[in-house]
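*Asks:* There's a structure below that I have some questions on.
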Amino acid sequence: MELNVANTVKWMTLANEKIQENKTYLTELDQAIGDGDHGINMARGFQEVEAKITATDYDNVSDLLKDVSMTLLSKVGGAAGPLYGTAFLKLSMAVKGSETLDFPKFKSGLAEALAGIKQRGKAEKGEKTLVDVWEPLVDYLNGQNSFNAAGFESVAKEAMEATKDLEAKKGRAAYLRERSIGHLDPGSVSSFYIFSSLAEVLKEGD
Amino acid sequence: MANVSIVLVSHSSKVTEGIRDIITQMVPAVSIGVAGGTEEGEIGTNIDKIKQAIEEVQGEKGVLLFYDIGSAKMNAELAVEMNEYKNVHVVEAPILEGAFVAAVEAGMGKSLEEVQAAAEKNYRD
């Protein structure tokens, strides 16, 4: 794999497209167990991300990822802002100065991003948060020597679907305790859109 | 701003305004910054608003941040870390009661650490 400026822009553009298409769905998921703003917040944030990165020239992927982070931090009003903002900031810092990312760099960058999410949200795996998608993906990548788009996407999808049976321990849904069981975690679903977009973009490049 | 200042971070500007009204009625000598709601005035928190509120009330004795739920704490912590503020702490106490206790203590001219300890005393996990 090679993640360069051009395909990272494509990645974010496709992620935005999926989030816009599923804005109502994300909101419905969040209305069931949260405050119902996830779709609106993510749609606003990623719209701004696309606007920012398509209007800017970048020499390297890390600067691009930093702008993704800063835009999400400023424009997403819910918990997704600081969490995704931290994730992309850590990813950007982990690959600082890199024009492009190869598989080992991407792998270690994603591990740093996960660590950032866990630290910021004080969350662990199994608490029905986006950690439940990010951690299985980082674990999966650790066992791989190259990027397999189909494998990556299916791990993300399974992990996202598995949040349905979990009881929320973090975020608004935690107030509902066992009533949160039986619903997908909205943050895990939006994470799935982000990762399936990456898989699609990298698959095209094969 | 000779005293420790306070910043209130809530999902709603009505909450931050209301708490400020309650506190200033009793303690007028403490500066209180507010960061309530999103950029568009909707329910949520915004890191840029928090930064602005901190800078509005920042004096030599420092600033204490009080937050409500969800993203408020994460955004408050991020605002402090990313701007590398000195003497700006996020307090673990209920936003209304904690900020009220803090304002009374701050109004007596106490230090940042003393005010923070007083506010957190009864509420620590």
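Please treat every number below as a calculation from the coordinates, not as lab data. Remember, it's a predicted structure, so these values are computed and weren't measured experimentally. Virtual Cβ from ideal backbone geometry, glycine too; neighbours counted across all protein chains shown.
*Asks:* What is the one condition in (1) closer than 22 Å to residue A:14 by Cα; (2) free of Cβ contacts under 8 Å to residues at least 60 places away in the same chain; (3) within 14 Å of chain B (Cβ to nearest Cβ) that residue A:199 does not satisfy?
*Replies:* Result: residue A:199 passes all but (3).
*Asks:* Now for a different question. Name the residues in the range B:16-35 that are within 20 Å of residue B:79 (Cα to Cα) and touching a helix residue (DSSP H, G or I) at 6+ places or on another chain (Cβ under 8 Å), would you?
*Replies:* Result: B:31, B:32, B:33, B:34, B:35.
*Asks:* Confirm whether residue A:109 is part of a helix (DSSP H, G or I), away from chain B (no Cβ under 14 Å) and closer than 20 Å to residue A:66 by Cα.
*Replies:* Yes, satisfied.
*Asks:* Of a type outside the set (S, T, N, Q), within 12 Å of the chain's Cα centre (by Cα), more than 16 Å from residue A:79 (Cα to Cα) and part of a strand (DSSP E or B): is that true of residue B:65 in this structure?
*Replies:* Taking the combined requirement at face value, the residue satisfies it.
*Asks:* If I go through the range A:47-73 residue by residue, how many of them are farther than 21 Å from residue A:112 by Cα and polar (S, T, N, Q)?
*Replies:* 3
*Asks:* To continue, here is another question. From the list B:29, B:117, B:106, which one is free of Cβ contacts under 8 Å to residues at least 24 places away in the same chain, among the small types (Gly, Ala, Ser) and over 30 Å from residue A:80 (Cβ atoms)?
*Replies:* Being free of Cβ contacts under 8 Å to residues at least 24 places away in the same chain, among the small types (Gly, Ala, Ser) and over 30 Å from residue A:80 (Cβ atoms) holds for just one of B:29, B:117, B:106, which is B:117.
*Asks:* Might you check whether a residue that is in a loop (DSSP other than H, G, I, E, B), over 20 Å from residue A:39 (Cβ atoms) and among the acidic types (Asp, Glu) occurs anywhere in the range A:150-159?
*Replies:* No, the range A:150-159 contains no residue that is in a loop (DSSP other than H, G, I, E, B), over 20 Å from residue A:39 (Cβ atoms) and among the acidic types (Asp, Glu).
*Asks:* Something else about it: Out of (1) out of contact with any Lys or Arg (no Cβ under 8 Å at 6 or more places or on another chain); (2) surrounded by fewer than 19 Cβ atoms within 10 Å (Cβ to Cβ), the odd one out for residue B:39 is which?
*Replies:* Evaluating residue B:39 over (1) out of contact with any Lys or Arg (no Cβ under 8 Å at 6 or more places or on another chain); (2) surrounded by fewer than 19 Cβ atoms within 10 Å (Cβ to Cβ) leaves (1) as the failure.
*Asks:* Suppose we keep only residues that are touching a residue at least 40 places away in the same chain (Cβ under 8 Å) and not in a helix (DSSP H, G or I) within the range B:41-59. Which one would you say is farthest from the other protein chains (Cβ to nearest Cβ)?
*Replies:* Among residues in the range B:41-59 that are touching a residue at least 40 places away in the same chain (Cβ under 8 Å) and not in a helix (DSSP H, G or I), the one farthest from the other protein chains (Cβ to nearest Cβ) is B:59.
*Asks:* Could you check the range A:119-150 and list, in sequence order, the residues that are of a type in the set (Lys, Arg) and within 14 Å of chain B (Cβ to nearest Cβ)?
*Replies:* Across the range A:119-150, the qualifying residues are A:120, A:122.
*Asks:* On to the next question. Tell me yes or no: at least one residue of the range A:122-130 is of a type in the set (A, V, I, L, M, F, W, C), out of contact with any Lys or Arg (no Cβ under 6 Å at 6 or more places or on another chain) and surrounded by fewer than 22 Cβ atoms within 10 Å (Cβ to Cβ).
*Replies:* So far as the range A:122-130 goes, no, none of its residues is of a type in the set (A, V, I, L, M, F, W, C), out of contact with any Lys or Arg (no Cβ under 6 Å at 6 or more places or on another chain) and surrounded by fewer than 22 Cβ atoms within 10 Å (Cβ to Cβ).
*Asks:* Now a separate question. Output the residues belonging to the range B:75-124 that are polar (S, T, N, Q) and in a loop (DSSP other than H, G, I, E, B).
*Replies:* B:87, B:111, B:122
*Asks:* I would also like to ask the following. Please indicate, with yes or no, whether at least one residue in the range A:168-181 is more than 19 Å from the chain's Cα centre (by Cα), of a type in the set (Ser, Thr, Tyr), farther than 30 Å from residue A:102 by Cβ and away from chain B (no Cβ under 14 Å).
*Replies:* Looking through the range A:168-181, at least one residue is more than 19 Å from the chain's Cα centre (by Cα), of a type in the set (Ser, Thr, Tyr), farther than 30 Å from residue A:102 by Cβ and away from chain B (no Cβ under 14 Å).
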